[in-house]
Amino acid sequence: MTGISILNGHAILPGVNKAKPLNVHIENGKIASVGKTTPIANQLDASDLIIAPGIIDLGVFKTDKPAFRFGGITRAALMPDQSPVHDDPATVRFAALKGKPDLWVHPLAAATQGLNGLQMAEIALMKDAGAVGVATGRKWIADSGILLRIMRYCHALDLPVFVHSEDAGLSGNAVATAGETATLLGLSSASPITEALAIARDLLLAEESGAHVHFRQVTTARGLDLIRAAKAKGLRITCGITPGHLFLSDNAVSDFRTFAHLSPPLRSESDRLACVAAVADGTIDVIASGHDPRGPEDKRLPYSESAPGMAGAETLLALSLNLVRDNVISTGRLFELLASNPAKILGLNAGQIAEGYEADLILVDPDAPWQVDGDRMAALAGNTPFDRLPVQGRVRHMLKGGKVI
């Protein structure tokens, strides 16, 4: 493979808040040097663009290459909630091959057989087949004994455990967060403490087992306080969130907008602001799209009968850049949340612009204006609650393994 020099751009370096004017030189699919490199024959002009690590989307529900390309996603960790469920080595191995070579899918293995929460799956065999983590899927495992066994087993295998944080005994079939909006609309609702209860139990099990536990979405102030305290104790804990819960409150479900039906459900404005503050203070480690494209058969239904989820891959970067414009975080910190931290959680040699790392890069015009349009999205479905929203930030070029896509 020949080399390529990316010239005249501003690169995002590890631990640096602002992009610096630097050239990046790539050889044999990896970053060979960063700085005032001598240009070679193959050159890519990055004038007025940010050179950033490719986004690693932590916890998508569909392999959706066109949407990932638009959004600058070069790697995606795929949730086990598939048909069939990824609870055996064959399905995991097949998932790991999807999209290569220009997209790498990193499958997360089902923690239990059929994601039923009852019997532990063959985790070691699935790791050998390519699984980079274990996930409980969209559901919470109610049996503490089973989850403790899973955490201990994953600790021995050095695999992170991704958990969903809603106490099913309390949330039941609720589709909204208890509050004024749910009451006015007559929607079945549950208290936001469903999340805190689930997190509290799982933190105790994480401490007991020593496992690395990733709370895929933490969306309430009380839940974030628990995560903050656990990190202060030194537990191996990380947590994530999606732009839906960072930029929308439960007011977005007014008029029964099913595109705003998410899991967990949208929270109060005070909880939303607590999430933004948790991004700023470092409590939240990852911003992910939660990409879950749903067609009319799932969304064009009465609110309580619709399926939760949003198509988020294409809007992940543009929406997250609002945090930089609002001075919540720096550009460098943003790409820690989108790329560096997900790579560390999954144990990947990617997510940073540094010598020896995989040359998965995106060239971003942070000020390019465009409008979200659910009818024209590249995703398998356009179910976005941000439809018609003006945004800024476009990926102009993408490189996967040093190859321009």
Fewest-first ranking of 47, 5, using other Cβ atoms within 10 Å as the exposure measure: 47, 5
Which of 138, 257 has the fewest Cβ neighbours within 10 Å, and the rest in rising order: 257, 138
Residue order, fewest to most beta carbons within 10 Å, for 398, 79: 398, 79
Formal net charge of residues neighbouring residue 58 (Cβ-Cβ distance under 11 Å; K, R +1; D, E -1): +1
Cα-projected label distance for residue 16 with residue 305, points at 7 Å along beta-carbon direction, nm: 5.6 nm
Residues of type aspartates and glutamates that residue 344 reaches as a straight line, Cα spacing below 18 Å, ignoring anything fewer than 8 places off in the same chain: 57, 158, 285, 336, 355, 358, 360
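Rounded to the nearest 0.05, what FRET efficiency do residue 191 and residue 83 have when you use their Cβ-Cβ distance and R0 = 35 Å? Walk me through the intermediate numbers first.
Working: r = 32 Å, r/R0 = 0.92.
After rounding, the FRET efficiency stands at 0.65.
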Residues of segment 213-252 with amide N under 19 Å of the 7 Å Cα→Cβ point at residue 277: 218-232, 239-242, 245-250
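Net charge around residue 267, counting only other residues with Cβ within less than 10 Å of its Cβ (Lys, Arg = +1; Asp, Glu = -1)? Display every interim value, and only then the final one.
Numbers: positive: 272; negative: 195, 250, 269, 271.
Charge balance near residue 267 sits at -3.
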Cα centroid separation, segment 35-113 to segment 120-139 (Å): 18 Å
Length gained when the stretch residue 184-residue 388 is fully extended (0.36 nm per residue, less Cα-Cα span): 70.9 nm
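Let me check I've understood the local charge: for residue 395, count other residues with C-beta under 12 angstrom from its C-beta, Lys and Arg +1, Asp and Glu -1. What total comes out?
Numbers: positive: 69, 394, 396; negative: 314, 365.
Local net charge: +1.
Given the -39500 (n - 2.57) contribution per DSSP H run of 4+ residues, what per-residue ellipticity at 222 nm results for the chain, rounded to the nearest 500 deg cm²/dmol? Walk me through the intermediate numbers first.
On the way: 14 runs with 118 residues, N = 405.
The helix contribution divided over the chain gives -8000 deg cm²/dmol.
Coordinate-derived values only; no laboratory data. None of the values given here were measured: they were computed from a predicted structure. Using ideal geometry, Cβ is built from the backbone for each residue, glycine included, and neighbour counts are taken over all protein chains shown.
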